[in-house]
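S.K.: Structure provided below as structure tokens; questions to follow.
The values are calculated or read from the model by the stated rules, or taken from the named source; none is laboratory data. This is a predicted model, so every value here is computed, not measured. Every residue, glycine as well, gets a Cβ built from its backbone with ideal geometry; the counts of neighbours run over all protein chains shown. For the accessible areas, the whole protein counts, side chains as well, though only heavy atoms, and no ligand, DNA or RNA atoms are used. Shrake-Rupley method; radii C 1.70, N 1.55, O 1.52, S 1.80 Å.
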Amino acid sequence: MVAPNPEFISELSAAGGDGAKMCFQCGTCTAGCPSGKITAYRIRKLMRMAQLGLKEDIISSEDLWQCTTCYTCEERCPRGVPIVDVVIALRNIAVANGKMFPAHKKTGQNLVAYGHTVAINDKIKAQRKELGLDEVPPTVLANEKAMADLSVILEATGFKKLVE
Ligand code: SF4
Ligand code: SF4
């Protein structure tokens, strides 16, 4: 049994998740959430846990990372709660407490290594060639200076260390 922590809502508000206070638990968000259809993730429940200040439960849960930020819930919420902002704020708090879902960390590592969150492998290169495109897309992958600049930014902001 975890004790509610009313002070957490202040921490969440400071992180950009102030909208959690507006949720009146109607469940419309969960009803339309595509992630919730294939996982145990329930966005309504997450909002309630945030209101109650169940910080440790939230930041330790895989559920926090199941949202795809598709915004379906936000379009339907009768209270106009900025739900995705709340999810992102909760994730930022989790990361600040040393908790990041491995798949998300891997995505960040791809950005550091390739300048892309999805790696361009040999299969993708072959498919691009078949379509008559350059094997390497005209992004940081084809521009050494842009890749070097990105690397400086990722280092300076602490992003590299975060996803090590
Ligand atoms: S739809 Fe909006 S008000 Fe209803 S439970 Fe979800 S976040 Fe709360
Ligand atoms: S933004 Fe996240 S919580 Fe909202 S419907 Fe999409 S996956 Fe579900």
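S.K.: Among the residues in region 50-59, are any of a type in the set (A, V, I, L, M) and within 23 Å of Lys160 (Cβ to Cβ)? It would help to see each step written out before you state the result.
M.R.: The first filter runs over region 50-59 and keeps only residues of a type in the set (A, V, I, L, M), leaving 50, 52, 54, 58-59.
When the remaining residues are screened for being within 23 Å of Lys160 (Cβ to Cβ), the result is 59.
Scanning region 50-59 turns up at least one residue that is of a type in the set (A, V, I, L, M) and within 23 Å of Lys160 (Cβ to Cβ).
S.K.: Please count how many residues of region 127-139 are surrounded by 11 or more Cβ atoms within 10 Å (Cβ to Cβ) and not in a loop (DSSP other than H, G, I, E, B).
M.R.: Applying the first criterion (surrounded by 11 or more Cβ atoms within 10 Å (Cβ to Cβ)) to region 127-139 yields 127-129, 133-137, 139.
Right, trim to not in a loop (DSSP other than H, G, I, E, B) and you get 127-129.
Residues that pass the stated criteria total 3.
S.K.: Looking only at region 70-107, which residues are within 11 Å of ligand 1 (Cβ to nearest atom), over 17 Å from Met49 (Cα atoms) and β-branched (Val, Ile, Thr)?
M.R.: Result: Thr72, single match.
S.K.: Those residues that are assigned to a loop (DSSP other than H, G, I, E, B) and either over 13 Å from Asn110 (Cα atoms) or open to solvent by less than 100 Å² (accessible area, probe 1.4 Å) (or both), I need them from region 140-164; list them, please.
M.R.: Here is the first cut: in region 140-164, the ones assigned to a loop (DSSP other than H, G, I, E, B) are 143, 157-158, 164.
Result: Asn143, Thr157, Gly158.
Yes/no per residue for (1) at pLDDT below 95; (2) within 14 Å of Arg91 (Cα to Cα):
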{"position": "Met1", "(1), (2)": "yes, no"}
{"position": "Pro6", "(1), (2)": "yes, no"}
{"position": "Glu11", "(1), (2)": "no, yes"}
{"position": "Gly17", "(1), (2)": "no, yes"}
{"position": "Ser35", "(1), (2)": "no, no"}
{"position": "Lys45", "(1), (2)": "no, no"}
{"position": "Ile58", "(1), (2)": "no, yes"}
{"position": "Cys70", "(1), (2)": "no, no"}
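S.K.: Return a yes/no flag: does region 34-53 have any residue that is exposed (fewer than 14 other Cβ atoms within 10 Å of the Cβ) and more than 16 Å from ligand 2 (Cβ to nearest atom).
M.R.: no
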